[in-house]
Structures are given as C-alpha cells and as structure tokens.
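> Just passing along the structure, written as structure tokens.
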Amino acid sequence: MEKTDLENLGFPVAGIGWRTLAFLADSLLLLLLLIAVLFIGFGEQCNEFAEKLIAFQEDYRKIVALGDLERLQKFQTEILDFRQSPVCETLGNVFTYGGLALAFFYFFIGEFFFGGTSLGKRIVRIKTLSVNGEKLTAVQCGLRSFWKALTFMPTNFIVVILIIANAYVPFFNKLRRGWHDKTSGTIVVNDKYFL
C-alpha cells in the first residue's frame, strides 16, 4: 500500500507552498467558525470576558500612570484569579476541545465526502488520494483528520514540538508527505480538473 507509482497516479505531487496555502485558508475558516460558535453558544460568557479585559486594560493604564507598584502586584493577582475563573475555564475548554472536534470533522467531511478536498484545497486546486491513486477510505480520512486536528490544539509542549517537526518532514522526501500522509497511506496531488 505504501509504494506509490507517480506515473500511474495521473497527477503531479502537490508542492509544499500550495499545501501550506490550503492549510492557512482552512485554518482561517476554522477560526472564524469557532469564533461564531463561541459567540452564538457562549455569548454571555464572551461578553463577561470582554468586559473584564477592558476593565483590566483601564486599570493597567491607571496603575502605570501613577507608578503604583503595590497596586501592580494586586493587579497581577487579580489577573491570575480571573484566568482560573469559571468564565475563562469554560471559554478555554470550548476553544481547545471544540476547536479540536470542529477541525476533525471539517477535515474528515471534506476529504471523505468531497473527493479528498477541503475548502482550502479547492482554492489552490489540490486533493488527497490513497497512495495507490484511489479514493480515500473512512479510516484514511480519520487518521489524516486526527493528525491535522492536533495542529489546532497546541496547548501541550509535546504537541507543539510534533506540529513543528511535521511541518518539516515533507522537505525531506520527494513525495512531500508529512506524518499524517504516511500514517494514513495518502498523498496530496495537484488537481488540474478543479474549476
């Protein structure tokens, strides 16, 4: 399954630049969707969070203008307390785990139901195929989606290191395959037939 015959694929391998552009377009769309989910589903918490940030900003300006070091220490404690508040915890969990779930389903649906593409891939005219040139299976889409969704959850140092390392893996193989491609037995190609 891992052996790829480039001549029989019928498509040239997609370059890193095009893949990066597609990923950035998808990331922007996912960020906008996640923000919409936050404001629609958690509007009250978002408003409370924004009001508190504005109040912190105004307090900070006053403290700096007065040069009040004692008040600055209290201010830092207030910020730390707020970071541990239920509002911040709720929004942080929604952003982190909601973002992970949203990214997984976005990539899975796009690649499984829309011929190996996402909106970003359609924009730059690339698609994902099995290494044997066939349509992706649900398992392949699931593996790819899992790896790609992890890039939207950089809350753990180890995950961040893996994300950065995976960004460089395609530079060192002629098929430009990252770990998500290798583990799922897929390859990303240019698709000259997209309109």
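> Kindly check whether there is at least one residue in region 59-66 that is hydroxyl-bearing (S, T, Y), in a helix (DSSP H, G or I) and out of contact with any helix residue (DSSP H, G or I) (no Cβ under 9 Å at 6 or more places or on another chain).
No, that holds for no residue.
> Which one is modelled with the lowest pLDDT among residues in region 1-31 that are outside any loop (DSSP other than H, G, I, E, B) and among the charged types (D, E, K, R)?
E7
> Taking the residues in region 78-124 that are in a helix (DSSP H, G or I) and either hydroxyl-bearing (S, T, Y) or at positive phi (or both) as candidates, determine which candidate is surrounded by the fewest Cβ atoms within 10 Å (Cβ to Cβ).
Among them, the one singled out is Y97.
> To continue, here is another question. So how many residues does region 126-150 have that are more than 20 Å from the chain's Cα centre (by Cα) and among the charged types (D, E, K, R)?
Selection size over region 126-150: 2.
> Regarding F107, is this residue touching a helix residue (DSSP H, G or I) at 6+ places or on another chain (Cβ under 8 Å) and more than 30 Å from R144 (Cβ to Cβ)?
Judged against the criteria, F107 is not a match.
> Do the conditions hold for T128, that is, is it in contact (Cβ under 8 Å) with a residue 40 or more places away in the chain, part of a helix (DSSP H, G or I) and out of contact with any His (no Cβ under 9 Å at 6 or more places or on another chain)?
In short, no.
> Quick test of your reading of the structure: E134 fulfils all but one of (1) in contact with a strand residue (DSSP E or B) (Cβ under 8 Å, 6 or more places away or on another chain); (2) at pLDDT 80 or above; (3) among the charged types (D, E, K, R); (4) not in a strand (DSSP E or B). Name the failing condition by number.
(1) is the only condition that E134 fails.
> Given the criteria part of a helix (DSSP H, G or I), surrounded by fewer than 15 Cβ atoms within 10 Å (Cβ to Cβ) and either aliphatic (A, V, I, L, M) or touching a residue at least 12 places away in the same chain (Cβ under 8 Å) (or both), does L34 qualify?
So L34 does not fit the description; no.
> In region 137-163, what residues are farther than 20 Å from F11 by Cα and in a loop (DSSP other than H, G, I, E, B)?
The answer is T151, F152, M153, P154, T155, N156.
> Let me ask something additional. Is at least one residue of region 109-116 at pLDDT below 90 and under 18 Å from the mean Cα position of the chain (by Cα)?
Looking for residues that are at pLDDT below 90 and under 18 Å from the mean Cα position of the chain (by Cα), one finds none in region 109-116, hence no.
> On to the next question. Could you list, in sequence order, all residues of region 131-147 that are among the charged types (D, E, K, R) and touching a residue at least 12 places away in the same chain (Cβ under 8 Å)?
Within region 131-147, K135, R144 meet the criteria.
The values are calculated or read from the model by the stated rules, or taken from the named source; none is laboratory data. For clarity, every value in this text was computed on a predicted model and none was experimentally measured. Glycine also receives a Cβ, built like all others from the backbone with ideal geometry; neighbour counts cover every protein chain displayed.
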